[in-house]
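Presented below is the structure to which this report refers.
The values are calculated or read from the model by the stated rules, or taken from the named source; none is laboratory data. Fair warning: this is a prediction, and the values are worked out from it, not measured in the lab. Note that we place each Cβ from the backbone using ideal geometry, even for glycine, and neighbour counts take in every protein chain shown.
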Amino acid sequence: MKMGWAALVGGLSIGGIALSMLPPCTTVLMAQAGCCKVRSALNATWIVRPDLTLGACRDLNAQRDRDDPFEEKGFVWWDRSCR
């Protein structure tokens, strides 16, 4: 009886270790990371626009700034960490 429990616990432990050693999932996540921020003037504070997706933020950046939307400059930028 004790040997059966020991085998069960040992098997579950080895299985857990084996699962933790598998490579991470390689599929691309569909969730976007970050948020779009806009401002009315270059010296104004940034305002988070949760209604804008990454694509919409890029489009707005192309209209207003025509620069890299991932750099914190101009009037529109995509903050990857949304801080």
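For this structure, a couple of remarks:
- In segment 46-83, the qualifying residues are those that are of a type in the set (Val, Ile, Thr) and at pLDDT 95 or above, and the one that is surrounded by the fewest Cβ atoms within 10 Å (Cβ to Cβ) is Ile47.
- Of the listed requirements (1) at pLDDT below 95; (2) in contact with a strand residue (DSSP E or B) (Cβ under 8 Å, 6 or more places away or on another chain), Cys25 misses just one: (2).
- Of all residues in segment 35-63, exactly one satisfies the criterion of being more than 22 Å from the chain's Cα centre (by Cα) and closer than 13 Å to Trp78 by Cβ, namely Ala62.
- Of all residues in segment 53-73, those that are more than 12 Å from Gly34 (Cβ to Cβ) have Cβ atoms under 9 Å from Cβ atoms of residues that are at pLDDT 95 or above and assigned to a helix (DSSP H, G or I), 6 or more apart or on another chain, in Asp67/Asn61; Asp68/Asn61.
- Residue count for segment 45-63, restricted to those that are among the aliphatic types (A, V, I, L, M), part of a strand (DSSP E or B) and touching a Cys at 6+ places or on another chain (Cβ under 9 Å): 1.
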